[in-house]
Every structure is written in structure tokens, then in C-alpha cells.
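**Q** This is the structure I have questions about; it appears just below.
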Amino acid sequence: MTAAFFDYPKAAAFGRVVPKSRIYEHAGVGTALRDLFVTQVDQITWKYKLAPETMNLAATKAVGEIQVFGISLRNGKLDEEVLRAIDRAIPFPLIFELSWSGKRKAVAAFKRPSDADATKRVVSAYFATDWAPDDAPRKPLPVALNLGGLYDALLTALMPKAAAKAEHTGEDIQTRVARMEAIRAKSREVDRIKARLAREKQFNKRVAINAELRAARQELERLSGGEPTDAAMSE
């Protein structure tokens with residue numbers, strides 16, 4: 001999946017290096033996580049600031065700005081906790097573009113204000129593209145009425161095909177993200193049941209496990225709207 005690489009406008013270019021120490025300060029990073037930053041992250045760059053003054057799009061209550069952060073990696077591996085720390089440090093929604101060895105990858109989680117405390121943010125599971133060549137063409141930004149709509153479109157572009165169901169149901173972004181997370185959890189459950197089935201030798205128990213597997217697969221198909229789900233979700 002490479003469709004999530006967009007051609008951000010020059011007016012939104014920011015291009016500032018973000019010191020890792022700033023992230024440590026604002027995210028309460030401990031020693032183990034700091035070690036991950038040191039070994040996995042070469043440099044963090046604030047690449048684009050998608051805001052009313054740079055995009056000519058109105059802010060919404062949930063999305064005042066969207067930031068695009070570039071992360072150059074040391075070895076092609078990035079622990080999700082590193083991304084979570086950056087998301088904790090920056091209050092605005094973030095789109096990450098990872099780069100390593102002539103390739104790039106887009107990653108983001110759905111970030112929204114907490115229902116219990118509007119000063120805090122809730123961060124979902126992460127969605128990601130495959131690695132693509134650095135010089136692969138970028139797509140024009142999705143058409144949107146405001147920054148909230150743009151954020152929805154940018155995030156949906158990172159999701160598996162099952163997210164396309166939203167186009168036909170009017171599903172909002174929060175519901176869509178929850179369904180994608182449910183697909184991920186159900187996919188893991190199917191894998192666990194298949195592993196149990198492979199180990200089990202007794203016929204009667206295999207029959208029961210097969211019934212459990214069929215039910216889990218049916219639920220997975222319902223969640224995904226009939227779309228294929230194998231390897232659909234990025235871990």
C-alpha cells in the first residue's frame with residue numbers, strides 16, 4: 001500500500017529538526033525508551049504544518065492542526081513505543097513518514113481529545129503503509145472541507161481495504177478506527193485458534209476447535225465487510 005504518500009503544499013513546509021531531548025521532556029521518557037530513541041532514530045524533522053493559515057482550511061474542534069513528522073531511522077526498525085512517545089509530546093494529530101535506506105513508509109494513529117478530559121489525548125493503534133522507494137510519486141491531497149475532514153482522509157488512506165466500507169455506511173472516523181482495531185484483534189484470535197487446531201490430535205476436540213474457528217472467521221468477515229483480511233493489518 002503506497003497510496004498514503006501525499007504531495008503536501010509548499011506553503012505548509014516547516015522543515016525544523018526536533019531535538020530528541022524535547023520529546024523526552026514532554027513525554028516523560030524513561031531510560032529504556034530513551035535507549036530505543038538512541039539506537040533506532042537518527043533524526044526527527046517537523047516537515048509540514050497543516051493549519052488554517054497554510055492550507056486555507058478551517059480548523060475543527062478536534063483538529064486544530066495536523067503535523068507531518070519525518071523520522072530517519074538508523075537500521076530500518078522502529079519500536080511503536082517511540083511513536084507513542086512523540087504522540088504524547090505533541091498535542092496535535094501526527095502523520096509520520098519514516099525513511100531508511102532509500103525507502104519511506106507512512107505511519108499514524110488516530111489521535112483525539114479524551115471524552116473525560118479535553119486536555120488529554122487518546123491515541124489508537126497504529127496504521128502503516130508498506131515500504132516504498134523514496135522517489136515514488138506522491139498523490140494530490142484529498143479534497144476536504146476542513147482540517148477534520150482532511151485528517152479523516154489521511155488516516156483512512158493508511159488503513160486496509162476493509163476501511164472502504166465506511167464510504168458506503170457513513171461510518172465516522174472514530175467508529176472506523178474502532179472497527180479496524182477489532183479486525184486486528186479478531187485476526188490474532190483466528191491465528192491462535194488455528195495454532196491450537198494444529199496441535200490438537202483428539203478428533204472430538206478438533207471438531208470443537210473447528211467450530212470455534214468458523215465462528216471467529218465469520219465474525220472477522222463481518223467486521224471487514226467481506227474484504228480479505230490476511231495480513232491486512234499492520235502491526
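**Q** Simple spin-label model, 7 Å along Cα-to-Cβ: GLU200 to ALA11 in nm?
**A** Each label point lies 7 Å from its Cα, and together they span 6.1 nm.
**Q** Another question, then. As a test, work out the antiparallel percent of DSSP beta bridges whose residues both lie in segment 1-153, rounded to the nearest 5.
**A** Values: 24 of 33 bridges.
Of all bridge pairs located within segment 1-153, approximately 75 percent are antiparallel.
**Q** Please identify, among ALA58, ALA216, ALA116, the residue showing maximal mean-square fluctuation in a Gaussian network model of the chain using a 10 angstrom Cα cutoff.
**A** Checking each option, the largest mean-square fluctuation is seen for ALA116.
**Q** Something else: Any chance you could tell me what percent of the C-alpha pair distances in segment 58-124 go past 17 Å?
**A** Tail fraction, whole percent: 44.
**Q** A further question on this structure: In nm, to one decimal, how far is the modelled label at SER21 from the one at GLU80, with both set 7 Å along Cα→Cβ?
**A** Taking the two extended label points, one gets 3.2 nm.
**Q** What percentages make up the Cα-Cα pair-distance distribution of segment 24-158 when the bins are 10 Å wide from 0?
**A** 11, 42, 35, 12, 0
**Q** In nm, what is the difference between 0.36 nm times the number of residues separating VAL143 and GLN218 and their Cα-Cα distance?
**A** Going from the current span to full extension adds 23.5 nm.
**Q** Follow-up. If you roll a 1.4 Å probe over the chain with all protein chains in place, what percent of the accessible area is carbon or sulfur?
**A** Whole-percent figure for carbon plus sulfur exposure: 52.
**Q** Eigenvalues of the Cα gyration tensor times 5, then square-rooted: what semi-axes does that give for the chain, in whole angstrom, largest first? Could the numbers behind the result be given before it?
**A** Numbers: eigenvalues 230, 97, 61 Å².
They are 34, 22, 17 Å, listed largest first.
**Q** Excluding ligands, DNA and RNA, what is the solvent-accessible area per residue of segment 68-123 at a probe of 1.4 Å, expressed in Å²?
**A** Averaged over the residues of segment 68-123, the accessible area is 43 Å².
**Q** Right, here's the next one. State which entries of LYS103/LYS194; LYS49/LYS186; LYS105/LYS201; LYS20/LYS111; LYS120/LYS194; LYS20/LYS120 exceed 32 angstrom in Cα-Cα distance in the structure shown.
**A** LYS103/LYS194; LYS49/LYS186; LYS105/LYS201; LYS120/LYS194
**Q** Right, next: If the label point is 7 Å along Cα→Cβ of ALA32, which residues in segment 69-89 have backbone nitrogen under 16 Å from it?
**A** 79-85, by backbone N distance to the label point.
**Q** So, one more: Over segment 9-61, what is the relative contact order in whole percent, taking alpha-carbon pairs under 8 Å and six or more residues apart? List each step's numbers first, then the result.
**A** Values: 42 pairs, mean separation 27.6, N = 53.
Dividing the mean separation by the residue count of segment 9-61 yields 52 percent.
The values are calculated or read from the model by the stated rules, or taken from the named source; none is laboratory data. A quick note: this is a predicted structure, and the numbers were derived from the prediction, not measured. For neighbour counting, all protein chains shown are included, and Cβ atoms are generated from backbone atoms with ideal geometry for every residue, glycine included. To get the accessible areas, we keep the full protein, side chains included, count just its heavy atoms, and leave off ligands, DNA and RNA. Shrake-Rupley method; radii C 1.70, N 1.55, O 1.52, S 1.80 Å.
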